[in-house]
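Notes follow the structure.
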Amino acid sequence: MEHYDKIAQGCEPIEDSLMCYISGGGVCREFKELSNEVDELEDKADKIKRSIRNHLPMGLFMPVDKTVFFNYTRMQDNILDEGQRAMNWLLMRRVEIPQEFQQGLVDLVSECIQTVKLLRAALEATVGFLHGEHYDRNRAKDAIRAVRNQHREAAQTKRALVIAIYNSEMDFKDIHQLIHFAEDILSMSHNTEGCADLLRAMIAR
């Protein structure tokens, strides 16, 4: 949960940075500062992940398979990595985002970050179930299903946006940048869905 909290904190400046980028018509000072903030939070999340992995005793009995557990921490860490990658595409060079795509990009970021936010409930419910704090299996499964459904909506938004951008009259460099940005932002949601799938596997075992 501590690791998740750092990932969730990193999502806030990502969302704020896009608003800054659009309103500023390109890379602004605030965008660079927010990008640095994401880098710092990602570094802290990495340290927490390493600490978790390095301090598990070899003989420790766990309610879930260690391989699944390690895969989960790696995938949860990847969420913010993809966010960093997306921001780097916008930092690479200034892109004037046409009015027709501004709201679509904001919606995509919001939907992907909403997927990450929904992971908290799924993680809390799964941990509680595995530790015997409650025996409501359906509660955990419903929270996991909510993450999957939200990712599906984000993927549909991304697909429609990428098609529109690719068929626009923008310079191809701008098209290339914005499509890569959209792909990496969706990867945040995709890795979150992967986390939900691993939580479901933990419950099943």
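The values are calculated or read from the model by the stated rules, or taken from the named source; none is laboratory data. As the structure is a computational prediction, the values presented were derived from the model and not from experiment. A quick note on method: Cβ atoms are made from the backbone with ideal geometry, for glycine too, and the neighbour counts reach across all protein chains shown. The accessibility values were calculated without ligands, DNA or RNA, using every heavy atom of the protein model including side chains. Shrake-Rupley method; radii C 1.70, N 1.55, O 1.52, S 1.80 Å.
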Review point. Which residue pairs have Cβ atoms closer than 7 Å, lie 6 or more positions apart in sequence or on different chains, and pair a first residue in region 102-128 that is under 23 Å from ALA201 (Cβ atoms) with a second residue that is open to solvent by 50 Å² or more (accessible area, probe 1.4 Å) and at pLDDT below 95?
Key: LEU123/MET1; ALA125/ARG139
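Would you call ARG74 out of contact with any strand residue (DSSP E or B) (no Cβ under 9 Å at 6 or more places or on another chain) and either assigned to a loop (DSSP other than H, G, I, E, B) or more than 22 Å from LYS32 (Cβ to Cβ) (or both)? Working first, answer last.
Working: out of contact with any strand residue (DSSP E or B) (no Cβ under 9 Å at 6 or more places or on another chain): yes; either assigned to a loop (DSSP other than H, G, I, E, B) or more than 22 Å from LYS32 (Cβ to Cβ) (or both): yes.
Yes: the conditions hold for ARG74.
In this structure, does LEU90 turn out to be in contact with a helix residue (DSSP H, G or I) (Cβ under 6 Å, 6 or more places away or on another chain), in a helix (DSSP H, G or I), among the aliphatic types (A, V, I, L, M) and farther than 30 Å from ARG205 by Cα? Let's see the steps before the verdict.
Working: in contact with a helix residue (DSSP H, G or I) (Cβ under 6 Å, 6 or more places away or on another chain): yes; in a helix (DSSP H, G or I): yes; among the aliphatic types (A, V, I, L, M): yes; farther than 30 Å from ARG205 by Cα: yes.
Against the criterion (in contact with a helix residue (DSSP H, G or I) (Cβ under 6 Å, 6 or more places away or on another chain), in a helix (DSSP H, G or I), among the aliphatic types (A, V, I, L, M) and farther than 30 Å from ARG205 by Cα), LEU90 qualifies.
Given the structure, is GLU133 at pLDDT below 95 and not in a helix (DSSP H, G or I)? Explain how you work it out, then say what you get.
On the way: at pLDDT below 95: yes; not in a helix (DSSP H, G or I): yes.
Here the answer is yes, as GLU133 does meet what is asked.
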Review point. For residues in region 144-187 being more than 30 Å from ALA122 (Cα to Cα) and small (Gly, Ala, Ser), which is surrounded by the fewest Cβ atoms within 10 Å (Cβ to Cβ)?
Key: ALA164
Check your understanding: In region 40-62, what count of residues is obtained for those that are of a type outside the set (Lys, Arg), at pLDDT 85 or above and open to solvent by 60 Å² or more (accessible area, probe 1.4 Å)?
Key -> 2
Exercise for review: Could you please find all residues in region 105-137 being out of contact with any Phe, Trp or Tyr (no Cβ under 8 Å at 6 or more places or on another chain), open to solvent by 20 Å² or more (accessible area, probe 1.4 Å) and not charged (D, E, K, R)?
Suggested key: VAL106, SER110, GLN114, LEU118, ALA121, VAL127, LEU130, HIS131, GLY132, HIS134
